[in-house]
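The values are calculated or read from the model by the stated rules, or taken from the named source; none is laboratory data. All values reported here derive from a predicted model rather than from experimental measurement. Counting neighbours? That spans all protein chains shown, and the Cβs are built from the backbone with ideal geometry, glycine included. For the accessible areas, the whole protein counts, side chains as well, though only heavy atoms, and no ligand, DNA or RNA atoms are used. Shrake-Rupley method; radii C 1.70, N 1.55, O 1.52, S 1.80 Å.
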Amino acid sequence: MPRTVLVTGGAGFVGSHTCVELLSSGHEVVILDDHSNSSPEALERVAKIAGRPIAATHVGDVRDRRTLDAVFTRHPIDAVIHFAAKKAVGESAQIPLAYYDINVGGTTALVSAMHDHGVHRLVFSSSCSVYGDTTIVPLSEESPVAPTNPYARTKLTCERILADVCRHVPELRVLALRYFNPAGAHPSGLLGEEPHGVPNNLMPYLAQIAVGRREELSVFGDDYPTPDGTGIRDYIHVVDVAEGHRVALDHIDDEPGMRVFNLGTGRGASVLELMRAFQDASGQPITYRVTDRRPGDVAELVADPSNVYNAWGWAARHDLAAMCRDAWHFQRQNLYGYAP
Ligand code: WQD
């Protein structure tokens, strides 16, 4: 059923790809983004790929109640997908208060405004980092949570707040999606990952090395208890993550209350394995140097994706080679990202 969906952070990496998926599936899309880590150009590209316009774009802070009231007053919002947040593990250890203010404060402001405007469907962008430094592989939604950094703690705090609010507001439906590692780009080469400043994440850093914007990769530690000593993550194509959000929206009315789902592939790759896969996809040599571990990092995070498949009949389709191919295609087409 087509809905009018408010997408906070809709100009960002996962948000913009999700907006393409929503528009292509017949939904109306309203975006709220402050462009602190995104570009308005991405939204031009979203409409171009989808072949349909975004209904409206509001530039503002998700913590600002007047901005939120204006959005909910002007548009018949049926559901919200909440991406707007800061999301770098390493950075969160340096500016924890900003992470709590934006990630938790932004979520409580948004849910308060939703409630006051009679909007009761929320897909929440959570994170596999809530599982922390675990030896469990693969991780199910029932695996214990033990976040090791402020970013992960903000996401778990938001999940707990949402669960409490669902107990208090019976008509509220929340799907919390714990992403593993979104990576890659839209196959058109028009949309991709272009963080402001130096990339915190591995894939965009590799892409920027391959186009000559960065010198060499710092491998944050090779003394983890993994086969090659480097960190293992479950990289999932951003187009799969976007599709997973659309599918979640299709199922949001299945049950009241809050449900948590992992969004991953079930396949892990180490830093060195991803580096080699990117070299193969780009044909560009990547040099690296092993440095100290990054505070807050953990050895291995790999999903058990079976709950999503059992509940919704959906699974990620793209492999690591496709992620590297698409990330390289985007970076080569957009040497400096969305900058003119
Ligand atoms: C991956 C691996 C690093 C950069 C991300 C998102 C977070 C969440 C989970 C959605 C680790 C190593 C990295 C570099 C390196 N996703 N690395 N050199 O930390 O797993 O978190 O996924 O919510 O939002 O940030 O991803 O890409 O930063 O790190 O060696 O220059 O690569 O140590 O093992 P991470 P990442």
- line: Conditions (1) open to solvent by 10 Å² or more (accessible area, probe 1.4 Å); (2) within 20 Å of the chain's Cα centre (by Cα); (3) of a type outside the set (A, V, I, L, M, F, W, C) -> Ser92 fails only (1)
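In this structure, does Gly229 turn out to be in contact (Cβ under 8 Å) with a residue 60 or more places away in the chain and either more than 13 Å from the ligand (Cβ to nearest atom) or part of a loop (DSSP other than H, G, I, E, B) (or both)? Step through it out loud before you land on a result.
Values: in contact (Cβ under 8 Å) with a residue 60 or more places away in the chain: no; either more than 13 Å from the ligand (Cβ to nearest atom) or part of a loop (DSSP other than H, G, I, E, B) (or both): yes.
Judged against the criteria, Gly229 is not a match.
Sort through Asn103, Asn37 and tell me the only one that's open to solvent by less than 50 Å² (accessible area, probe 1.4 Å), within 28 Å of Ala185 (Cα to Cα) and either assigned to a helix (DSSP H, G or I) or in contact (Cβ under 8 Å) with a residue 24 or more places away in the chain (or both).
Numbers: Asn37 fails: open to solvent by less than 50 Å² (accessible area, probe 1.4 Å).
Asn103 is the lone residue from the list that is open to solvent by less than 50 Å² (accessible area, probe 1.4 Å), within 28 Å of Ala185 (Cα to Cα) and either assigned to a helix (DSSP H, G or I) or in contact (Cβ under 8 Å) with a residue 24 or more places away in the chain (or both).
Just the residues that are outside any helix (DSSP H, G or I), within 13 Å of the ligand (Cβ to nearest atom) and within 15 Å of Val123 (Cβ to Cβ), please, taken from region 232-256. Talk me through it step by step, then tell me what you get.
If we filter region 232-256 for residues that are outside any helix (DSSP H, G or I), which is where we start, we get 232-237, 251-256.
Those still in the list that are within 13 Å of the ligand (Cβ to nearest atom) too: 232-236.
Within region 232-256, none qualify.
If a residue counts only when it is closer than 14 Å to Met203 by Cα, at pLDDT 95 or above and within 16 Å of the ligand (Cβ to nearest atom), which helices (runs of 4 or more DSSP H) contained entirely in region 258-340 have at least 3 such residues? If you could, list the steps in order and put the result at the bottom.
Details: elements: 271-282, 306-312, 320-333.
By residue number, 271-282, 320-333.
Among the listed residues Ala79, Ala84, which satisfies the condition of being crowded, with 18+ Cβ neighbours inside 10 Å, within 16 Å of the chain's Cα centre (by Cα) and closer than 19 Å to Ser16 by Cα? Quick ask: steps written out before the conclusion?
Details: Ala79 fails: within 16 Å of the chain's Cα centre (by Cα).
Going through Ala79, Ala84 in turn, just one is crowded, with 18+ Cβ neighbours inside 10 Å, within 16 Å of the chain's Cα centre (by Cα) and closer than 19 Å to Ser16 by Cα: Ala84.
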task: Out of the residues in region 196-215 that are part of a loop (DSSP other than H, G, I, E, B) and more than 10 Å from the ligand (Cβ to nearest atom), state the one that is least open to solvent (accessible area, probe 1.4 Å).
output: Val211
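Pick out the one residue from Val7, Val14 that is within 16 Å of the chain's Cα centre (by Cα) and in a strand (DSSP E or B).
On the way: Val14 fails: in a strand (DSSP E or B).
Unique residue meeting the criteria: Val7.
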